[in-house]
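Report on the following structure.
The values are calculated or read from the model by the stated rules, or taken from the named source; none is laboratory data. Computed from a predicted model, the values in this text were never measured in an experiment. All Cβ positions, glycine included, derive from the backbone under ideal geometry; neighbour counts span all protein chains shown. The accessibility values were calculated without ligands, DNA or RNA, using every heavy atom of the protein model including side chains. Shrake-Rupley method; radii C 1.70, N 1.55, O 1.52, S 1.80 Å.
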Amino acid sequence: RLQRQSATNKDKCLWATTVEEQYIQQAESFIESTVNFNMANVMESLRLYDDYVHLLSEEERVREFVKDPSKSIDEYLAKFNSLRAMDADIRRKLPGEIRTQLACVDCWELNETLRGKIIDCLRILLDSVVTVNLERNEKLCKSFDNIVQTLNRKPNGAGELVDLEQTLEQFRGSTLKELLEEFQDIRAWQNMLFDCEHMLTPKDFKAITDSAAWVHQIEGRMNTRENDLRSERDRIETQFKHERQQFEGTLTDYVKLVNNFKDAGNIKHMDDYLERILQLKESFERAKFDADKFREREVLLGWDASEFEKLNEGIEKLQPYDDLWELVYKFTNEEKKWMRGPLFSIEPEAVDTLSNTMAKRALKLQAQFEGLTLPTPTGVAKKIKKDLDAFKQHLPL
């Protein structure tokens, strides 16, 4: 206050001033420069956050990171530790507020935003491991269950038995090792979650517990099933031996039926002989098919394939009888045509050729049966040869 009185007010006051006055202008300029200086300091202080600005978009990069299934535990831990280190840096290095002469910046909310981004990234990173572990545990349990269900099937024959034995052998030789390695890898990821102090739910623990239960019991189950398959093999082999023995007995019966033809010499019973021969030929054809099936089963069981000598013996022994009575049948029919048929329907050259062919066959069969010391079929062949020779006396017609 100055010692001055106004005309209307006797109180003492300052002299009136205007904005345009020099001192006022200088004061304004000084204040503005001071404010600008302090605000520049404030902006400069925000450079403390330059190393952490990338956290605002880090979530997108973390999501891309977890999409790559080739990432290892070490890479995940490196990512985790990097984020945790940044969180520690924020708490340790960044101030709660920034004070200047004219301003005070509250940094708490900014710090919490950055830390919140880190927490979100850590959650995405570790939750992805939890999700993948759940899927892997489920797949692992299903793999164990599938092999158990496959091996528990009851074999209905040698083929199914061998398939089950090979499946068990392959499982023990390679598949089991792969599944156990898979379990150990799941455990390693689970331990990483423990090391990272990630909160797990009962569902997460149940998944790894179910897998561990399979790992601990699978060897016992395989041993039990192996013993069961041995019993099944004994049963199937015993049954197979019985079936093969019956088959060999049937072949022996066929050979006996073939041997009965050594006494077949009545040409009047030719049709009966031919029918019996045809039945035997059909039986041998079925037996050849059955023999191949028996050999296949023997090979499957790891046995040497049987020769089934009786089958070959029967077929070989039946052939000359088949040839003989086929010749008898053909000669009988042709003789009727030659001797009783229309004379002008006969072609002399064809008759001569056919009779010579049949005579040669009869002579060959006669020699064959003589070599086998079988008098009855030898007599039949000799009679046919004799009748053909007698007929040939009438040639040429």
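Odds and ends about this structure:
- Calculated FRET value between Lys142 and Glu112, using beta carbons and R₀ = 51 Å, to 0.05: 0.70
- Accessible surface of the chain [probe 1.4 Å, protein heavy atoms]: carbon and sulfur percent: 52 percent
- Å² per residue, accessible surface of the range 150-302 at 1.4 Å: 60 Å²
- Where only C-alpha atoms are counted, convex hull volume of the chain per residue in Å³: 363 Å³
- Rounded to the nearest 20 debye, the dipole magnitude of the chain is 1080 debye, with +1 charges on Lys and Arg beta carbons, -1 on Asp and Glu beta carbons, and the Cα centre as origin.
- Cα-based Lys proximity count in the range 90-177, under 30 Å, for pairs eight or more positions apart or on separate chains: 6
- Here the label points at Val53 and Arg153, each 7 Å from Cα along the C-beta direction, are separated by 6.5 nm in the simple model.
- Theoretical gain in end-to-end length, Leu180 to Ala367 [0.36 nm per residue, Cα-Cα removed]: 59.8 nm
- Simple spin-label estimate for Thr17 and Asn266 in nanometres, 7 Å along Cα-Cβ: 16.1 nm
- Length released on extending from Glu75 to Ala212, taking residue separation times 0.36 nm less the Cα-Cα span: 46.7 nm
- Point-charge dipole on Cβ atoms (K/R +1, D/E -1) for the range 54-106, about Cα centre, debye to 20: 160 debye
- Lys/Arg +1, Asp/Glu -1 at C-beta; the chain dipole; positive extreme among Thr175, Phe80, Leu278: Leu278
- Listed by chain and number, the lysines whose C-alpha is less than 22 Å from the C-alpha of Lys385, apart from same-chain residues fewer than 8 away, are Lys262, Lys268, Lys317, Lys330, Lys336, Lys337, Lys360, Lys364.
- Projected label points at Gln245 and Glu226, each 7 Å from Cα along the beta carbon direction, are separated by 3.1 nanometres.
- For Thr376 and Ser306, a Förster radius of 30 Å and the Cβ-Cβ distance give a FRET efficiency of 0.35, rounded to the nearest 0.05.
- Assigned charges on the beta-carbon of Lys, Arg, Asp, Glu; the range 252-342 dipole about Cα centre (debye): 420 debye
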